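The next block holds one structure in the form of structure tokens; read it before the comments.
The values are calculated or read from the model by the stated rules, or taken from the named source; none is laboratory data. Since we're looking at a predicted model, the values are computed, not measured. We place every Cβ from the backbone using ideal geometry, glycine too, and count neighbours over all the protein chains shown. Just the protein is used for accessible areas: all its heavy atoms, side chains included, with ligands, DNA and RNA removed. Shrake-Rupley method; radii C 1.70, N 1.55, O 1.52, S 1.80 Å.
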Amino acid sequence: MTSDPQPTTDDQLIRGVGLSTATALNMIDMIGVGPFITIPLIISAMGGPQAMLGWILGAFFAICDGLVWAELGAAMPGSGGSYRYLREIYGPKRLGKLISFLFIWQLSFTAPLSIASGAIGLAGYVSFFWPSLEQPYMSRTWILNLAHMGSLEVRWLVSGATFVAIGVILLALALLYRKITSIGWLSKILLGGVVGTMSWIIISGLTHFNLARALSFPPNAFQLSPQFFLGLGAAMLVATYDYWGYYNVCFLGDEIKDPTRNIPRALLLSIILVGCLYIVMNLSILGVVPWQEMLQSGSGNNKLYVVSIFMQRIYGSWAANLVTALVMWTAFASVFSLMLGYSRVPYAAALDGNYFRAFARVHSEYRFPYVSLLALGGVAILCCFLSLADVIAALVVIRITLQFLVQAIGLIVLRIRRPDLPRPFRMWLYPIPALFASVGFIYVLISRTNSLKQINYALVVLITGVLLYLVRAWRSHDWPFSRESSADGGVR
């Protein structure tokens with residue numbers, strides 16, 4: 001038995017994550033609770049099984065964007081993911097300092113939203129056992145009027161499920177408070193539960209499949225009307241949320257073995273495998289549970305535990321109870337993976353001096369960024385008081401606006417500015433995937449009739465982030481207030 005690799009300096013992380021563990025972490029991050037609880041939301045977006053288009057297009061755009069991450073991750077294989085990429089693309093001594101800071105700033109909001117969504121989804125399945133958990137104890141709405149931007153509405157909801165979600169996050173924090181090399185086996189056990197759950201659902205659905213029920217489209221289901229495209233945009237927004245997580249390996253770059261090869265492989269493997277699982281699983285469910293029932297659940301944003309109902313129809317209560325427990329396992333695996341990956345991003349920024357210094361602290365014994373981990377977990381607990389629909393919409397819109405679009409375009413900028421930069425992996429059919437990914441993200445934003453509220457969130461995050469950066473830059477005489485601000489800040 002070999003001993004764990006040891007760090008050579010006090011702040012160095014351990015390269016203990018191989019290809020199989022990296023792919024496992026990506027897959028449990030991607031799957032999570034999303035496909036098990038968002039099926040009714042996607043069906044309600046388009047009003048029928050034609051909503052499968054949302055998952056199919058979501059897989060296509062995930063592959064396109066995954067190729068962006070794969071090239072950048074192989075070229076710059078360090079911890080931090082988008083933070084590192086955006087800083088180098090736009091100049092580490094100039095505009096890149098602001099853009100990379102804004103990425104970390106928005107991540108301080110969106111990472112906890114993503115973590116909380118998994119915890120809230122898990123709590124939703126717990127309510128299958130105890131329906132009273134969904135009953136609200138208190139519901140309150142705050143509205144902040146913003147000049148020239150309308151109003152910013154925040155709705156807080158307190159129920160028994162809220163406290164279940166908080167408990168899930170606390171448990172994940174406890175399990176992650178250890179050395180990275182002891183997490184590999186845990187991630188594979190969690191992935192085993194995830195794949196086992198999806199396999200059981202798929203096999204059960206296919207052996208009890210009713211083609212007429214699955215393809216019972218409503219009248220004019222594929223009529224290319226404005227309403228069709230609006231519904232498709234809403235379905236793609238939820239599907240985008242379901243597929244996200246394929247980039248998790250990029251946040252762990254300093255802890256990946258042979259990162260220039262394993263990062264692109266883990267990215268693309270996880271997208272292809274999860275995409276196939278999603279499409280087959282969702283189609284098999286539609287062949288058992290009438291979409292009209294899911295439409296009612298999605299419109300009311302409650303009783304979203306469609307997989308439990310699915311198993312109850314086929315095998316009875318024992319199967320419904322068992323699959324509910326397995327989905328809870330899957331949801332917890334996602335929370336675990338998300339918290340692990342995102343905690344490394346503020347750490348990487350703090351090491352560069354471009355974020356608050358406390359986030360650079362590494363645990364003296366276990367060698368992981370414990371301040372960053374605890375901070376994200378704390379904010380995620382606060383996000384558990386929001387509804388699942390609000391969490392997903394805010395997460396997707398803010399992240400598309402302030403991260404994914406800037407990064408997809410940035411890869412093309414980097415190719416132009418630094419053609420000499422070593423690229424162990426080069427995007428296939430460049431630049432078509434980057435352009436397709438950008439078009440898909442823009443479509444999700446502009447096709448939603450109610451996206452203005454989430455765009456307001458993004459604007460608030462952007463404005464406050466710019467102001468905070470400028471104050472810090474002025475105090476530290478950094479760009480654009482430094483004497484060297486006119487120097488070339490290109491990739492070195």
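Name the residues of the stretch 68-111 whose amide N is less than 19 Å from a point 7 angstrom out from the Cα of ARG426 along the C-beta direction?
Flagged as within label range: 68-77.
Total Lys pairs in the chain closer than 29 Å by alpha-carbon, pairs eight or more apart in sequence or interchain only?
Number of lysine pairs found: 6.
Only helices at least 30 Å long along their own axis, judged from Cα atoms, and with Kyte-Doolittle mean hydropathy of 1.0 or greater: name those in the chain from DSSP H.
What comes out of the filter, once short or polar helices are dropped, is 52-75, 95-129, 184-207, 259-286, 317-342, 452-476.
How large, in percent, is the carbon and sulfur part of the accessible surface of the chain at a probe radius of 1.4 Å?
That share works out to 65 percent.
Given Cβ point charges of +1 (Lys, Arg) and -1 (Asp, Glu) and nothing else, what value in debye, to the nearest 20, does the dipole of the chain about its Cα centre take?
620
Using a cut-off of 12 Å between beta-carbons, work out the net charge of the residues near SER334 (Lys and Arg +1, Asp and Glu -1, SER334 not included).
Net charge in that neighbourhood comes out at -2.
Would you work out the relative contact order for the stretch 326-424, in percent, from Cα pairs under 8 angstrom that are 6 or more residues apart?
Over the stretch 326-424, the number comes to 16 percent.
At 1.4 Å probe size, put GLU134, GLU255 in order of accessible surface, largest to smallest.
Ranked list, largest accessible area first: GLU134, GLU255.
Give the accessible area for SER132 in Å² (nearest 10); use a 1.4 Å probe, count only protein heavy atoms, and leave out ligands, DNA and RNA.
80
Rolling a 1.4 angstrom probe over the protein chains, ignoring ligands and nucleic acids, what is the accessible area of SER284 in square angstrom, nearest 10?
SER284 has an accessible surface of roughly 0 Å² with all protein chains in place.
Can you give the extra length, in nm with one decimal, that the chain gains between LEU170 and PHE356 once fully stretched, where that is 0.36 nm per residue apart less the Cα-Cα distance?
That pair, LEU170 and PHE356, stretches by 64.6 nm at full extension.
Taking 8 Å as the Cα distance limit and 6 or more residues as the minimum spacing, I'd like the relative contact order of the chain as a percentage.
35
For LEU98, LEU351, give the ranking by accessible area with the largest first, probe 1.4 Å.
LEU351, LEU98
Counting pairs of alpha carbon atoms under 8 Å apart in space and at least six apart in sequence, what relative contact order in percent does the stretch 8-127 give? Mind showing how you got there, number by number?
Numbers: 38 pairs, mean separation 25.0, N = 120.
Computed over the stretch 8-127, the figure is 21 percent.
Using the heavy atoms of the protein chains and a 1.4 angstrom probe, tell me the accessible area per residue for the chain in square angstrom. All intermediate terms of the calculation are to be shown ahead of the outcome.
Values: 19620 Å² over 492 residues.
Each residue of the chain exposes 40 Å² on average to a 1.4 Å probe.
Please give the FRET efficiency for ALA389 paired with SER132, using the beta carbon to beta carbon distance and R0 = 25 Å, rounded to the nearest 0.05.
0.75
Only residues of the stretch 90-122 count here: report those whose backbone N is under 20 Å from the spot 7 Å along Cα→Cβ of VAL471, or say none.
97-110
Can you give the charge dipole size of the stretch 350-428 about its Cα centre, rounded to the nearest 20 debye, using +1 on the beta carbon of Lys and Arg and -1 on the beta carbon of Asp and Glu?
400
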